[in-house]
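**Student:** Here's a structure for you.
The values are calculated or read from the model by the stated rules, or taken from the named source; none is laboratory data. Just so it is clear, the structure is predicted and the values come from calculations on it, not from any experiment. FYI the Cβ positions are ideal-geometry reconstructions off the backbone, even for glycines, and counts take in every protein chain you see. Keep in mind that these areas ignore ligands, DNA and RNA; they rest on the heavy atoms of the full protein, side chains included. Shrake-Rupley method; radii C 1.70, N 1.55, O 1.52, S 1.80 Å.
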Amino acid sequence: MTQDGELDALVRQRIRGLRIARGWSLDELAARCYLSPSTLSRIETGHRRIALDQLAPIARALSITLDQLVESGTDDDVVIRPHRDDARGITTWLLSHESNQTVAKLRVTRAVPKDLRVHPGRDWFTVLSGTIVLRLGERTITVRAGEAASFSTMVPHAFGAIDGPAEVLCILDHEGERSHLAS
């Protein structure tokens, strides 16, 4: 099969899989993307060529981007390797990087930095193990394993580990990623 044929089959499989995962019939998805149910059925089964002017409304109806619908199915390297930054005392595993959010696991070994940072947006993290000290403006907050914190990043902030390394799972917007994950 050609690369285009493989991608075509993958797109068809995604459309059908996402429709079924949402519990929608052909009629329901067809109504949402302004196609006839028979056209949608033929697209899913490969009995009709997929046109670009059909993909955009299908993706929109499925609440995904066109890029997500047609991205290559190759996951050649699925291993997430850590990036160790000894100078900052943080090891990062980048788990997901979407256009507006990043999900990362951090291993924090540093103490709380003295300099507090400010950037637009919100940060969220949950402590997987250990204990994190969060300096948020004038407050010092202890966040233990199993607890989470969410805060406006327009408030001056910094965090570090106390009593040994701590691991956190965090969700950062674009500015938070630049501030917290940049080397």
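**Student:** Do you know which of the residues in segment 86-105 that are open to solvent by 80 Å² or more (accessible area, probe 1.4 Å) and at pLDDT 80 or above is farthest from GLY130 (Cα to Cα)?
**Tutor:** ALA87
**Student:** Here's another thing I want to ask about it. What's the number of the only condition in (1) more than 16 Å from the chain's Cα centre (by Cα); (2) under 15 Å from LEU172 (Cβ atoms); (3) hydroxyl-bearing (Ser, Thr, Tyr); (4) surrounded by fewer than 14 Cβ atoms within 10 Å (Cβ to Cβ) that THR153 fails to meet?
**Tutor:** It fails just one condition, (4).
**Student:** What are the residues in segment 116-128 that are modelled with pLDDT of 90 or more and either part of a loop (DSSP other than H, G, I, E, B) or closer than 18 Å to LEU94 by Cβ (or both), if any? Break it down into steps so the answer makes sense when it comes.
**Tutor:** Here is the first cut: in segment 116-128, the ones modelled with pLDDT of 90 or more are 116, 125-128.
The answer is LEU116, PHE125, THR126, LEU128.
**Student:** Collect the residues in segment 12-24 that are small (Gly, Ala, Ser) and either surrounded by 13 or more Cβ atoms within 10 Å (Cβ to Cβ) or part of a helix (DSSP H, G or I) (or both), keeping them in residue-number order.
**Tutor:** GLY17, ALA21
**Student:** While we're looking at this one, here's another question. Give segment 106-137 a look and list any residue that's touching a residue at least 24 places away in the same chain (Cβ under 8 Å), open to solvent by less than 50 Å² (accessible area, probe 1.4 Å) and either among the small types (Gly, Ala, Ser) or under 15 Å from PRO156 (Cβ atoms) (or both), or say none.
**Tutor:** VAL112, PRO113, HIS119, GLY121, ASP123, SER129, GLY130, VAL133, LEU134
**Student:** If I filter segment 138-149 down to residues being part of a strand (DSSP E or B) and open to solvent by 30 Å² or more (accessible area, probe 1.4 Å), which single residue comes out as modelled with the lowest pLDDT?
**Tutor:** From segment 138-149, those part of a strand (DSSP E or B) are 139-144, 148-149; that's our starting set.
If we keep only those that are open to solvent by 30 Å² or more (accessible area, probe 1.4 Å) as well, we get 139-142, 144, 148.
On the way: ARG139: 94, THR140: 95, ILE141: 95, THR142: 96, ARG144: 96, ALA148: 91.
Here the answer is ALA148.
**Student:** Restricting segment 151-183 to residues that are of a type in the set (Gly, Ala, Ser) and modelled with pLDDT under 90, which is nearest to ASN100 (Cα to Cα)?
**Tutor:** Only one residue fits best here, namely GLY176.
**Student:** Follow-up. For the condition polar (S, T, N, Q) and open to solvent by less than 40 Å² (accessible area, probe 1.4 Å), what is the one hit in THR65, THR45, THR39?
**Tutor:** Answer to the check: THR39.
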